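Participant: Sharing a structure below in structure tokens format, with a few things to ask.
The values are calculated or read from the model by the stated rules, or taken from the named source; none is laboratory data. Note that this is a predicted model, so its numbers are computed, not measured. Cβ coordinates were reconstructed from backbone atoms using ideal geometry, including for glycine residues, and neighbour counts include every protein chain displayed. Side chains are part of the model used for accessible areas, which takes the heavy atoms of the whole protein and leaves out ligands, DNA and RNA. Shrake-Rupley method; radii C 1.70, N 1.55, O 1.52, S 1.80 Å.
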Amino acid sequence: MSKQSIFGRMSQLMRANVNAMLDRAEDPEKMLDQMVRDFTNNIAEAEEAVAQTIGNLRMMEDDYREDLDTARSWGQKALAASRKADEFRAADDPTDAEKFDNLAKVAIQRQMDSESSARSAEPTIQSQREIVDKLKQGLEQMKTKRQQLISKRDELVARSRAAHAQSQVHDAVKSIDVMDPTSEVGRFEEKIRREEARVRGQNELAASSLDAQFESLEDLGEQTEIEARLAALKGGASTPAALGAGAGESGTGVTEADLAGLAELDSALEGNEQQK
């Protein structure tokens with residue numbers, strides 16, 4: 001039971017895969033064209049069969065007419081022989097009269113055989129005529145169905161092509177839809193936005209580096225001014241512009257207040273160094 005179930009499932013799976021493959025391979029236009037070709041071939045075969053049946057009917061009708069003609073011919077011969085016998089009998093010639101009477105009997109027998117053959121053929125001929133009429137009607141119906149199939153094929157092919165064209169148009173419109181994030185334009189826009197963001201990052205990085213350079217220049221200028229003022233002090237300069245506020249007296253003497261200020265400055269510098 002288990003084996004049967006497994007084999008059944010395998011068979012069903014194979015049929016499903018084959019049917020799916022056939023569904024993918026099917027082209028409606030080609031399939032409809034093949035249907036029209038098959039139906040046309042069926043009509044051709046039916047026409048051949050109907051033509052053969054009609055031919056057989058015509059042969060039977062010819063034989064029937066021939067039997068009727070033969071029966072009439074033998075009837076005429078029987079009549080002629082009978083009249084000839086009557087003539088000989090009137091001429092008091094019983095021998096020839098009997099001879100022609102016998103010939104008339106033979107002709108009548110042949111006439112009866114031909115009439116019997118014709119009568120036996122009549123039902124068959126009538127039956128064949130009915131069959132031929134039905135076959136002709138069926139053939140006409142097949143031709144009508146074929147024309148309907150062709151019209152339906154043309155309609156379905158036109159609908160299939162229209163659907164395919166609409167699908168292509170939809171895909172084309174979708175590929176250039178600027179509002180659709182999945183379109184090609186949206187992808188290019190996202191790529192450009194990333195490139196713009198990268199450039200902005202580079203600009204910000206370059207600007208921060210430039211600010212650092214200017215800050216370095218400012219620090220360098222301040223250090224240069226300090227060095228210049230120190231050199232001026234060592235050179236004996238004591239003007240307010242050079243020494244700043246608090247240097248109101250001229251001369252180069254150092255007071256105790258100046259020493260105390262230097263000691264305080266030294267302590268502050270040591271504290272800054274320790275904090276670093």
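Participant: Specify the residue that is least open to solvent (accessible area, probe 1.4 Å); the eligible residues are those in the range 172-209 that are modelled with pLDDT under 75 and among the β-branched types (Val, Ile, Thr).
Facilitator: Within the range 172-209, the match that is least open to solvent (accessible area, probe 1.4 Å) is 185.
Table: residues versus (1) open to solvent by 90 Å² or more (accessible area, probe 1.4 Å); (2) free of Cβ contacts under 8 Å to residues at least 12 places away in the same chain.
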{"position": "33", "(1), (2)": "no, no"}
{"position": "46", "(1), (2)": "no, no"}
{"position": "51", "(1), (2)": "no, yes"}
{"position": "54", "(1), (2)": "no, no"}
{"position": "85", "(1), (2)": "no, no"}
{"position": "99", "(1), (2)": "yes, no"}
{"position": "103", "(1), (2)": "no, no"}
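Participant: Which residue, of 112, 142, is over 30 Å from residue 47 (Cα atoms) and either at pLDDT 80 or above or not in a helix (DSSP H, G or I) (or both)? Reasoning before the result, please.
Facilitator: On the way: 142 fails: over 30 Å from residue 47 (Cα atoms).
Testing whether each residue is over 30 Å from residue 47 (Cα atoms) and either at pLDDT 80 or above or not in a helix (DSSP H, G or I) (or both) leaves just 112.
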